[in-house]
Every structure is written in structure tokens, then in C-alpha cells.
1. What pairs can you find where one residue is in segment 52-69 and farther than 18 Å from F332 by Cα, the other is among the hydroxyl-bearing types (S, T, Y) and part of a loop (DSSP other than H, G, I, E, B), and their Cβ atoms are less than 8 Å apart, with a gap of 6+ or different chains?
2. Considering segment 177-205 alone, what residues qualify as being closer than 27 Å to E264 by Cα and in contact (Cβ under 8 Å) with a residue 60 or more places away in the chain?
3. Which of (1) farther than 30 Å from A364 by Cα; (2) at pLDDT 95 or above; (3) surrounded by 15 or more Cβ atoms within 10 Å (Cβ to Cβ); (4) not aromatic (F, W, Y) is the odd one out, the single condition I207 does not satisfy?
4. Would you check which residues across segment 31-80 are hydrophobic (A, V, I, L, M, F, W, C), outside any loop (DSSP other than H, G, I, E, B) and open to solvent by 20 Å² or more (accessible area, probe 1.4 Å) and list them?
5. Among the candidates Q143, Q105, Q87, single out the residue that is under 22 Å from I342 (Cα atoms), of a type in the set (S, T, N, Q), out of contact with any Asp or Glu (no Cβ under 7 Å at 6 or more places or on another chain) and open to solvent by 20 Å² or more (accessible area, probe 1.4 Å).
6. Please enumerate the residues belonging to segment 138-171 that are closer than 18 Å to G46 by Cα and in a loop (DSSP other than H, G, I, E, B).
7. Given the structure, is G349 closer than 25 Å to Q291 by Cα and touching a strand residue (DSSP E or B) at 6+ places or on another chain (Cβ under 6 Å)?
8. Would you mind finding the one in T239, T287 that is free of Cβ contacts under 8 Å to residues at least 24 places away in the same chain, under 21 Å from D352 (Cβ atoms) and β-branched (V, I, T)?
Amino acid sequence: MDKSLSSALSCSMVLGLVLVLVLSIVVPQAEARAFFVFGDSLVDNGNNNFLATTARADAYPYGIDYPTHRATGRFSNGFNIPDLISQAIGEESTLPYLSPELRGQKLLVGANFASAGIGILNDTGVQFINMIRISRQLEYFQQYQQRVGALIGAAQTQRLVNQALVLITLGGNDFVNNYYLVPFSARSRQFALPDYVPYLISEYRKILMRLYEMGARRVLVTGTGPIGCVPAELAQRSTNGGCSVELQRAAGLFNPQLVQMINELNSQVGTVFIAANANEMHLNFVTNPQQYGFITSKIACCGQGPYNGIGLCTPASNLCPNRDLYAFWDGFHPSEKANRIIVNQIMTGSTDLMHPMNLSTIMALDSRT
């Protein structure tokens, strides 16, 4: 064979092999479904570790049951809801957007923008000083898309975002860390509760529409849980061990109005937003903990004071020996086992829990398109 021809063939084979290797690295990961998370401490994977804030979960015993047995910034003894959703859809956990590890191919997995303490409103959680408020989380999402665009191009980035799964969890802090934070709070003087809730919903609507405008097409939107029944509120407001009537009234007003707003949005843009009935999901094990293998849903595993509900979990706190027996890990946040129950309902729940459909149905539908 002609020497120059042999050399050219060798060169083209090498180039072909390099191209195959490059494509095998980039394409499957770009094809895998990205996952984006927005919201508060229920879904924060550690962004607040990178901020000067009091809303942090960066010390033992947080993370005691995480694979590394170290605090990660998750407000959990182990995995939180985004981790478990990632596992359920066969993906690795998203990294916090502020993490220096989030670069290169890791960006294609998605990102977690959530920040403990925030709410729908910018004045929610001001006592925590530094947080990534929801408006800033959306700015970071825009920045993320620019970073990924530099990696795989604008068209592929748009496709990645359009096909991604999005989770947003907001609302609870707008009650417990705003309206009801102190007696006669500024918002409670401005609004009666029946007027405050529609105001929250109207502001939430703007956030969801902004997500849609930025390319999100499959968005799980969780309502608030039974905020009057968490150990922190029992410690402050309960007289006989019962849930706080006023906070439960707030959740009872907020959640149906959220579903109504989501239905209205979907009638305009198609089935983009999925309402997750977090209140009902939690109430199942709050009202009947033994049925789910818990010994209590009133006392937190880790904390101090009545119901272990005062303050966050610290090395000096009371700590239960078996976290799987407690529905709540600390004063506000479910244990990993409770999170698993919630995510199972997100995956397979009936339409009264997941409206208009559950995540398994979404995944099956989208796999055919």
C-alpha cells in the first residue's frame, strides 16, 4: 500500500476513534435527564454552607446517616427529597450550585439552587441574614444555562433544559419565618390571613412563569406540609400536644389555592406544572406514625426543649439512637425515612397526591416522545 495512503488511513482511524470517544463521553450524559432544584431547606443540598448565614446544617449530627456520615448542608440525618428523586429516576444527586465541584460534565446532571430559610417573598427569613432568595436562584439558573451553553452549545442547552425535571419547594417559610414569626409581624399587620394567601399565590405564579420562560417544561411544585404539626411549632404553640390550629388553617388555605393556580397555568401552557400534595403526604405519617413504622411524629429525633423542637440540631442536642423510628429529624425537617415515604408517593401517588399525574407517569410519557 502507498505509504501516504497508509498514513492517511491510520490518521483517519485515530481521528475516528477520538471522535467516538468524545461522543461517548458527551452524548449519553447530555441525553440523561437533567434535574434542577429550587426552594428552601427541605431541598437545599448544601448551598448555605458557602454563605455567611445562621441557616446551616454543616455540623454533626446532620448527615449522621449519609454515606460519608458527615454533615453536607442537607437538613437531614441522611438523604433529602432531591437525592431520593435522583435515585428514583436513575441519576446521580445534583450538586449545590455554589459548589466549586459543579463544573464540566457535572453541569449536565443539573444543579441545586435551593437555599435554607427563603420563601416566595424576599422579606421571608431576613433573620438568617444571607440566603439565595428565589429571585437570585432564578438568576443563577440563567447563569447556569450560559455556562452549559459554552460546554455543549446553545441549542443543546435549550434541549437539556426543556427535557429536564424541575422541583420547586416554597411557601412554608412565608408563614413560619414571616407572617407568624413574631406577634404582630409586618406582614400580619399588612394582611389578614385570607388576604395574605392570595398575595403569596400571585407572587408564586410569577416565579413559576419565569421558570417556564427560562425553558422549564416539567416542574414538580410542592405545597406546604402540615406546618402546624412539626415539632418546632408544637414546642412553641401547642398546649395539649395538638397541631397549631392557626398554622394548619394557613396551610389549608394555601394548598388548594396553589393547585387552582397550577391548573390555570397549565390551561395556558399545557401540562408543565405538577402539584405535589405535600400536606397530605406528610399527614399520612403525622396522624398515624405507627402505620409507617415510626414511634412518634411529635418528637424530633434531634433537638432540645419540648418535643425536641427548640432550635436546630447541634452536637449538644438530644439525639435518638434510631433515626428510622422518628418521622421528624429536627424541629422542621422530616427524617430520611420519612423523605423516602414522600418520594415514593411523588413517584407512584394517586391524583389526589400528584395532580394531574405522578412522576412515574411523567417519566413513562416522556420516554416515548
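The values are calculated or read from the model by the stated rules, or taken from the named source; none is laboratory data. Quick caveat, the model's predicted, so the values are computed rather than measured. All Cβ positions, even for glycine, are placed from backbone atoms using ideal geometry, and neighbour counts span all protein chains on display. Side chains included, ligands, DNA and RNA excluded: accessible areas come from the protein's heavy atoms. Shrake-Rupley method; radii C 1.70, N 1.55, O 1.52, S 1.80 Å.
1. Y66/T72; Y66/S76
2. Y179, R187, L193, V197, L200, I201, E203, Y204, R205
3. With respect to (1) farther than 30 Å from A364 by Cα; (2) at pLDDT 95 or above; (3) surrounded by 15 or more Cβ atoms within 10 Å (Cβ to Cβ); (4) not aromatic (F, W, Y), I207 is out only on (1).
4. Scanning segment 31-80 gives a single hit, F50.
5. None of the other options fit; the residue is Q87.
6. Within segment 138-171, just L170 meets the criteria.
7. The answer is no for G349.
8. T287 is the lone residue from the list that is free of Cβ contacts under 8 Å to residues at least 24 places away in the same chain, under 21 Å from D352 (Cβ atoms) and β-branched (V, I, T).
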